[in-house]
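Derivation of every value follows stated rules applied to the coordinates shown; laboratory data play no part. Owing to the predicted nature of the structure, the values given are computational and were not obtained by experimental measurement. Neighbour counts are summed over all protein chains in view; Cβ atoms, including those assigned to glycine, are modelled from backbone coordinates with ideal geometry.
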Amino acid sequence: MGKQKVRVGSTATFNCQVQSTTSTAFEWWKTETTSSNNSRLVPIRKKIDIQVNNPLQEDVYSQTLSIYSVTKEDAGNYMCRAENDFGSSTKIAELEVTSAPPKNKPPPKKKPPPRRGGSMKFSAPGPVALILMLLCGYALGNQFVL
């Protein structure tokens, strides 16, 4: 099993596999820390799906634990216990939960740079064009009119 690292909101999946000549029963547990900082094993009951897999090959049995919509509280150690008539075996895996990725937001719109240079044509009768040019500070010929 080993360590698994997932983001908040995703699904964590653990596979427990054993070799046995007889059918095997599986149990899944999570280690929780009590208020007095002691650890205890609790059965897993929420947000899960346990899938019994067909034998991968003769004498190999497995079961998959899926934890959906993972939260920070789901982080910790998970234990799979396989048991049959000949005894039991335990495997432990750690689940590390990281923050969800930031939501994609569009980049801020850039303001166009101020225009410089260039030319402008006026279409107005004589004195009106001259007044507009004077108000806007446009050049007349080789001179600036202010």
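Some values worked out for this structure:
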item: Total charge dipole magnitude, segment 2-98, about the Cα centre, Cβ charges on Lys, Arg, Asp, Glu only, Debye to nearest 20; result: 480 debye
item: Nitroxide proxy distance, nm - points 7 Å out along Cα→Cβ at residue 83 and residue 31; result: 2.0 nm
item: Reference-scaled alpha-carbon Rg (2.2 N^0.38 Å with N residues) for segment 2-98; result: 1.13
item: Extended-chain gain in nm, criterion 0.36 nm per residue less alpha-carbon gap, residue 3 and residue 90; result: 29.8 nm
item: Approximate spin-label separation residue 41-residue 64, in nm, with each point projected 7 Å along Cα-to-Cβ; result: 2.4 nm
item: Total lysine pairs under 15 Å (Cα atoms) in segment 2-98, excluding pairs fewer than 8 apart on one chain; result: 9
